[in-house]
Each structure stands twice: as structure tokens, then as C-alpha cells.
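Asks: The following block contains the structure, expressed as C-alpha cells.
Derivation of every value follows stated rules applied to the coordinates shown; laboratory data play no part. These figures come from a predicted structure and were not determined experimentally. Don't worry about glycine lacking a Cβ; one is built from the backbone with ideal geometry, like all the others, and counts go over all protein chains shown.
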Amino acid sequence: MPSAAVANGFTTAGKSSTRSTPGLLSSTCSEVQRSRLQFVLPLPSVLKNSFKIVDGSPSSSAGSPDEIAKLFPNLFGQPPAMLVPCGSTEASPDRSLRIGVLLSGGQAPGGHNVISGIFDYLQARTRGSKLYGFRGGPAGIMKCKYVELTTDVIYPYRNQGGFDMICSGRDKIETPKQFKQAEETVLKLDLDGLVFIGGDDSNTNACLLAENFRGKNMKTRVIGCPKTIDGDLKCKEVPISFGFDTACKIYAEVIGNVMTDCRSTGKYYHFIRLMGRAASHITLECALKTHPNITIIGEEVAANNYTLKNVTDYITDIICKRAKLGYNYGVVLIPEGLIDFIPEVQQLIAELNEILAHDVIDEAGLWKKKLQSQHLFDFLPQAIQKQLLLERDPHGNVQVAKIETERMLIEMVENELEKRRQEGLYNKQFKGQSHFFGYEGRCGLPSNFDANYCYALGFGAGALLHSGKTGLISSVSNLGAPVEEWTVGGTALTSLMDVERRHGEFKPVIKKAMVELDGAPFKKFASMRDEWAIKNQFINPGPVQFVGPRANDISHTLMLELGAQT
Ligand code: FBP
């Protein structure tokens, strides 16, 4: 592959270049945004020079290899690919490519930099290529709604949060008709490649599309990029999904502020639910950053078969202990997906999923007769019952972001404290405040880590497509080292897959990476939580830093996981 240096959209032969901000943006962006626009992104050294792609050994799958092999006859077993420096002398950019890109699912800081990375790769390493952005996620491909991404379109979004350059969506390409529509679009645009920037479900979809195109001998290749603030799309070769770092930094800033407020007034227990869907990575990372009094980790609740009553008692016990020490305030962190982790609730949700997939929920409540978990359903506050019945997302998931577990727990703790009051075991006032920190963390200006990581992921995706790879997820590793030393390659999407029951049927899915109870991040947290419960060791980390000694810090989760691997 030829080599070239690139800075913010301009091939620079090694020098950085600046440009004035385009009209619309200059009037609407802040000084900080402007300074981020000018920030020249570093590249891993392998991407700055000539490289070749080397294949590893054949892969298998995360689970159910026989089923995955049947579902992906053309892709199963693909080896990982690694970019390695090659000594060839510099060549001029070669043939042109036509590439499409889309953002899928929830926003995650850094998505725009993935697109910038693909664009800059094409500028630097190919001649006369075109990049198309599909609008509104996968629906953009099905409806053939796209925009050509040029320097002027992309520039205002460099190092900026959000997905507003081309927007996102949660549609899935799954029916024969939808596959046909996608085929028509890639044929119409004569695409050599497609980059899916998405989470586990979207990358599963990317793989299905790659399989479909390859099965039909079409030239369009498909590469995924690991996006999600939830941090649950990861494996050895993909150490973290982008967006997690920034989102946790933003949540930790606000949690730190709430902690300072709560210590100042001394009168509230703040129950803070944090986004993250099923996995508790965000909650765990925020706990490690801020040291709350109580943190519930969903995976631990599931592993110990805790009931809602057990969780309530755990929180109430700490509140009572703190009351004896004179502290009638505190901070409780709750993962968004907690409700989904409590085995008795899981059973209820599974039953509701089947009913919602095949039956009608009638007003007379006759469907309830089919529920084995009816006693639990009836025990839940009415608001939670309604939230559990909300429509599933297009991938069949319960919309956990809409279930107000923090309010439910406040109500349950109040009841338990009242019981203890009557038994003479508690005589203080309890005032709960509920918070949900979710959307406010998803579109912040990407941290230095996410900005750099995304740029490398995009550049790497360009390189994989250029070399004709398909069905891989762009993978950047060695992330504990300076950016120059990061490694770049691709991992077979089928190697991340298993089968799962969705909408009442078995489907291929990328296995979610949950918090591991024997993993280094959880162990560190578990060794400290009892002290945080009783003593107030709150930490207020402040806002995301772009310059200064801590600006390039990586998350505790990543640091501890990388440390455990070495
Ligand atoms: P992704 O898996 O699409 O990255 O989801 C991220 C997320 O922010 C979850 O944490 C949250 O549960 C969900 O999106 C909320 O979805 P929506 O944006 O549709 O309300």
C-alpha cells in the first residue's frame, strides 16, 4: 500500500495544515469546538508508512460453531488480518474506490472521526475515490438516501460529538425484500465497500450483508467498526468499543458534582441510573472513577441469583449503617439493565417477549393468565409494569432506557425503611432523588482517546476494504501504549458470534461482553466498595480534559483489562 501523511483532510507530505472554519460552522460553534476542529489527529505508525496485510489462523465463533458455520457458509472461519509495515518504497496512490458508510444505533462520541479516518485513507492511498454517507442508518441503504462526503462536508465534524453529519437509525436489514433493497443501492452506486459503524446488533447485520453479497458474487465488501458507549462489544482483538471512554468521563463529571452537592446539603440519597443497556461496564467504570457509597453491578446480581428484595435489602442495610455514623445522604449507582439481570425479572421479561411476539396484550388482562411470573408482575409498581410492556426495539430488546429502575428502588427502599422504623431499627429521615444519566453522555466532544481511536478505526477500515477484505470488524489494539505503537487489523465478525433467541426465534448475534466477576475491573471495585460505603471517599473528576497531564488517560476498565493481559 502506498504511504502518505494526512492531517484534517489534507494530504500534507508530513506537515500539518490548518484551514479556516466553513461559514455555517464558524457562526455556530464554540471556541472549544473550534479548537477541536484544528486538532491534528495522530495515526499509529503502521498507518503512516507502507504496509501489507497478513492473515492469521482460521477463526471459529464465540459459541455454537456449527450453527454459525451454517448461517455464514461463505464467511465462517475467516482468519484475522493484521497490517504490518512493509519495506516497499513509496508508490503513488492507486485505483479509485467507491465506499459507503453508515452510522447505526445509539450515538457514541467519535463516530464522525471514524468517517474522517475512512475519508482520509481514501484521500491518501487511492486516487479519485468517492465516499457516500447513508442517511439515518441502515434505512439509508434500503431507501438509497445518501450524500457524497467531501472535504467540505466532513471538515466541520472532525473531533465533534454526535452523529449529525449523516444521522443514525435502528433499522435492521433482515427480510428478503430489505436485502434486495440493499443490493439495489450498492449496485446503483457501484460500491466496492460498505462500512457499518455500529454496536453488536448492527455488526451482526453487517456480517449478514457481507455473507449475502459474497454468496451472490457481488463485489461490495462490508467492514464493521465497534461503536457503543455500553462497552459490551469487545474481545481480545477489539479491546473496547468507541464512545465508552468519553461517555464515562461525562457521567463521572456529573456524578462527582452530585456527590459534592449531596455532601454539601447532607439530606438526600441520590439514586443514579446509568445508561449501558444490559451490561454494567459504564456503572463499574463510573464507580471506579468516583467512589460512590453503593453500586449495583447487574452481572453480580445475576450470578448470585439475587431477587429484587435482596437488592433492596443490600441498599437499605448500607443506608442504616451510614445513619448510625451520622450520614443521612449518599450516592447509589444503578446500571440501566439491572431489571433485566434479576433472574425472577428475566423470567418475566422472557414470558412477556414471547407474548408480545406472538399475541395481543388485551385490555381485559387475559394474557396475564399465561404468565407464570404473574405474582412478580403484580408486585411491581404500575409505572414499571407499563414500561415492561413497551414495544421492543427492532432487534427484539426490552427498551431498558425507558424503565425507571431508580424510582422503583427508591420506592422499595422507602417501604423497607418504614418496616424497620416500625420495628425500632431505623429512626432517621430518608429522602431519595432519582436521576438518569443517559443521552447527555452520548454526544459529547470525544475525549482524546476516542478521537484518536476512532480515526485509526476508520483509517484501518479503509485499508481493509482497499485490500478486498469483507466480514471483518476493524480492530485497533495495544491501546495502553502511545498512539504511534497501536496495532491495526481486522477480526472475523463470525468469530464474535453465537446464536440467541430473539422475537421468539434463534438468530445469530454478536455475543455481548458482560462485566466479568473474575476480571480485573470488578475485582478492584469489589476490594474497595465496603470502604466507599461507610467512609465518604467521593471523587469529583471534573470535565473531560483535552490538554494537560491527564488528557490522554484511558478508562480504568481498559487499563485494568490490559494490565491483566500482560
Ligand atoms: P447501542 O447499542 O445502539 O450503542 O445503544 C446505546 C444506548 O445508548 C444504550 O445504552 C441505551 O439503552 C440505548 O442506546 C437507548 O436507545 P435509544 O437511543 O433508541 O433511546
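Asks: So what is the calculated 222 nm ellipticity per residue for the chain, using -39500 (n - 2.57) for each DSSP H run with n of 4 or more, over all residues, to the nearest 500 deg cm²/dmol?
Replies: On the way: 21 runs with 228 residues, N = 566.
Theoretical 222 nm ellipticity from helices: -12000 deg cm²/dmol.
Asks: Pairing the Cα long axis of helix 176-188 with the longest principal axis of the chain, what angle in degrees results, from 0 to 90 and rounded to the nearest 10?
Replies: For helix 176-188, the angle is close to 40 degrees.
Asks: Which percent, nearest 5, of DSSP beta bridges in the chain are antiparallel?
Replies: Working: 24 of 59 bridges.
In the chain, DSSP labels about 40 percent of beta bridges as antiparallel.
Asks: Using 17 Å as the cut-off for backbone N distance, which residues of the stretch 293-307 belong to the label zone defined by a point 7 Å from the Cα of residue 517 along Cα→Cβ?
Replies: Only 295-307 pass the distance filter.
Asks: Read phi for every residue in the stretch 403-410 and hand back ³J(HN,Hα) as whole Hz from Karplus 6.51 cos²θ - 1.76 cosθ + 1.60, θ = phi - 60°, with x for Gly and Pro.
Replies: 9, 8, 4, 5, 5, 4, 5, 4
Asks: I've got another one for you. How long is the gain from residue 57 to residue 505 if the chain were fully straight, where each residue apart is worth 0.36 nm and the alpha carbon distance is subtracted? Don't skip to the end; give the middle numbers.
Replies: Values: separation 448, 0.36 × 448 = 161.28 nm, distance 3.22 nm.
Result for the pair: 158.1 nm of gain on full extension.
Asks: Order these peptides, 450-457, 476-483, 55-62, 232-239, by their mean beta-carbon neighbour count within 10 angstrom, highest first. Intermediate results must be reported in sequence, preceding the final value.
Replies: Values: 450-457: 28.9, 476-483: 18.1, 55-62: 15.1, 232-239: 20.8.
Per-residue Cβ counts within 10 Å, averaged per peptide and sorted highest first, yield 450-457, 232-239, 476-483, 55-62.
Asks: Which cross-chain or sequence-distant (5 or more) residues have an amide H under 5 Å from the amide H of residue 268, H modelled 1.01 Å from N in plane?
Replies: Result for residue 268 returns 330.
Asks: Another question, if that's okay. Classify the stretch 411-486 as rounded, prolate or oblate, taking a ≥ b ≥ c as the square roots of the eigenvalues of its Cα gyration tensor: rounded when a/c is under 1.5, otherwise prolate if a/b is larger than b/c and oblate if not. Present the calculation step by step, with values, prior to reporting the outcome.
Replies: Working: a/c = 4.06, a/b = 3.66, b/c = 1.11.
In terms of gyration-tensor shape, prolate.
Asks: Right, something else. Given 451, 565, 122, which one lies farthest toward the positive end of the charge dipole of the chain, if we put +1 on the Cβ of every Lys and Arg and -1 on the Cβ of every Asp and Glu?
Replies: Sorting the options by dipole projection puts first 122.
Asks: Could you check the simple spin-label distance between residue 485 and residue 361, using points 7 Å along Cα→Cβ, in nm with one decimal?
Replies: Inter-label distance under the simple model: 5.3 nm.
Asks: In debye, nearest 20, what is the charge dipole magnitude of the stretch 196-302 about its Cα centre with +1 on Lys and Arg Cβ and -1 on Asp and Glu Cβ, if you could check?
Replies: Roughly 340 debye, rounded to the nearest 20.
Asks: Once you place label points 7 Å from the Cα toward the Cβ at residue 552 and residue 217, how far apart are they in nm?
Replies: With each label point 7 Å from Cα toward Cβ, the separation is 5.0 nm.
Asks: Tell me the relative contact order for the stretch 196-332 as a rounded percent, counting alpha carbon contacts under 8 Å between residues six or more apart. List each step's numbers first, then the result.
Replies: On the way: 166 pairs, mean separation 29.7, N = 137.
Dividing the mean separation by the residue count of the stretch 196-332 yields 22 percent.
Asks: Same structure again: Step through the table entries 402/431; 145/216; 177/507, compare each Cα-Cα distance with 20 Å, and write down the pairs that go over it. Don't skip to the end; give the middle numbers.
Replies: Details: 402/431 23 Å; 145/216 23 Å; 177/507 18 Å.
Beyond 20 Å: 402/431; 145/216.
Asks: List the relative contact order of the chain as a percent without decimals, with contacts defined as Cα pairs under 8 Å and 6+ residues apart. All intermediate terms of the calculation are to be shown ahead of the outcome.
Replies: Working: 1225 pairs, mean separation 124.6, N = 566.
Rounded, it is 22 percent for the chain.
Asks: Follow-up. Where a Cα-Cα gap under 17 Å defines reach, which aspartates and glutamates qualify for residue 524, not counting those fewer than 8 residues away within the same chain?
Replies: Filter leaves 285, 299, 300, 516, 561.
Asks: Right, here's the next one. Using the Kirkwood formula over every pair of different C-alpha atoms, what hydrodynamic radius in Å results for the stretch 286-411?
Replies: Numbers: mean 1/r = 0.0625 Å⁻¹.
Averaging 1/r across every pair of different Cα atoms and inverting gives 16.0 Å.
Asks: If you take the C-alpha gyration tensor of the chain, multiply each eigenvalue by 5 and take the square root, what semi-axes do you get, largest first, in whole Å?
Replies: Values: eigenvalues 355, 163, 82 Å².
Working through the eigenvalues yields semi-axes of 42, 29, 20 Å.
Asks: Can you tell me the dipole magnitude for the stretch 343-412 around its Cα centre, using point charges on the Cβ only (Lys, Arg +1; Asp, Glu -1), in Debye to the nearest 20? Don't jump to the answer; show the numbers that get you there.
Replies: Details: 7 positive and 12 negative charges, 8 e Å.
That gives a dipole near 40 debye.
Asks: So, one more: Expected output is a single nm value to one decimal: the length gained when fully extending between residue 368 and residue 321, i.e. 0.36 nm times separation in residues minus the C-alpha distance. What is it? Walk me through the numbers on the way to the answer.
Replies: Working: separation 47, 0.36 × 47 = 16.92 nm, distance 4.02 nm.
Contour length minus the Cα-Cα distance gives 12.9 nm.
Asks: Please state the relative contact order of the stretch 127-233 as a whole percent: Cα pairs under 8 Å, 6+ residues apart?
Replies: Working: 136 pairs, mean separation 24.1, N = 107.
It rounds to 23 percent for the stretch 127-233.
Asks: Would you work out which of 521, 433, 547 lies farthest towards the positive end of the dipole of the stretch 415-566, given +1 charges on the beta-carbon of Lys and Arg and -1 on that of Asp and Glu, about the Cα centre?
Replies: 433
Asks: Would you mind classifying the stretch 358-455 by shape? Square roots of the alpha carbon gyration tensor eigenvalues, ordered a ≥ b ≥ c; an a/c under 1.5 is rounded, otherwise it is prolate if a/b is larger than b/c and oblate if not. Display every interim value, and only then the final one.
Replies: Working: a/c = 3.64, a/b = 1.18, b/c = 3.09.
Note, shape of the stretch 358-455 comes out oblate.
Asks: Against the 2.2 N^0.38 Å scaling, with N counting residues, where does the stretch 406-532 land? I'd like the Cα-based Rg ratio to two decimal places.
Replies: Working: Rg = 23.1 Å, N = 127, 2.2 N^0.38 = 13.9 Å.
Rg over 2.2 N^0.38 Å, computed on Cα atoms: 1.67.
Asks: In whole angstrom, how far apart do the alpha carbon centroids of the stretch 150-200 and the stretch 211-226 sit?
Replies: Taking the Cα centre of each part, the stretch 150-200 and the stretch 211-226 sit 14 Å apart.
Asks: Mind giving me the FRET efficiency for residue 34 and residue 545? R0 is 25 Å, r the Cβ-Cβ distance, nearest 0.05 is fine. Don't jump to the answer; show the numbers that get you there.
Replies: On the way: r = 17 Å, r/R0 = 0.70.
FRET efficiency, residue 34 to residue 545: 0.90.
Asks: I'd like to compare 29-42, 218-231: which one has the highest average count of other Cβ atoms within 10 Å, and what's the full order after that?
Replies: Working: 29-42: 15.0, 218-231: 27.9.
Those peptides, ordered most packed to least, come out 218-231, 29-42.
Asks: Helix 244-265: angle to the longest alpha-carbon principal axis of the chain, degrees 0 to 90, nearest 10?
Replies: 30 degrees
Asks: Now a separate question. Among all the lysines, which ones have a C-alpha under 19 Å from residue 52's C-alpha, if same-chain residues fewer than 8 places away are not counted?
Replies: Reachable lysines: 469.
Asks: Could you order the peptides 106-114, 182-190, 94-102 from most to least packed, using the average number of other C-beta atoms within 10 Å per residue? Don't skip to the answer; put the middle values down first.
Replies: On the way: 106-114: 29.2, 182-190: 16.7, 94-102: 20.3.
Per-residue Cβ counts within 10 Å, averaged per peptide and sorted highest first, yield 106-114, 94-102, 182-190.
Asks: Using modelled amide H (1.01 Å from N, peptide plane; none on Pro or chain starts), what sits under 5 Å from the amide H of residue 130, excluding residues fewer than 5 places away?
Replies: 97, 98, 99
Asks: If one computes the Cα centroid of the stretch 351-423 and of the stretch 488-524, what distance in Å separates the two points?
Replies: 26 Å
Asks: Continuing with this model, one more query. To the nearest 20 Debye, how big is the dipole of the chain about its Cα centre, given +1 on the beta carbon of each Lys and Arg and -1 on that of each Asp and Glu?
Replies: Numbers: 62 positive and 61 negative charges, 217 e Å.
Value, rounded to 20: 1040 debye.
Asks: When all alpha-carbon pairs of the stretch 240-360 are counted, what percent fall beyond 24 Å? Each step should come with its number before you reach the end.
Replies: Details: 2592 of 7260 pairs.
Summing the P(r) of the stretch 240-360 above 24 Å gives 36 percent of all pairs.
Asks: So, one more: Would you be so kind as to identify which of 306, 292, 101 lies farthest towards the positive end of the dipole of the chain, taking Lys and Arg as +1 and Asp and Glu as -1 on Cβ and the Cα centre as origin?
Replies: Value: 101.
Asks: Could you state the angle between the C-alpha long axis of helix 343-358 and the longest principal axis of the C-alpha atoms of the chain, as a value from 0 to 90 degrees rounded to the nearest 10?
Replies: For helix 343-358, the angle is close to 60 degrees.
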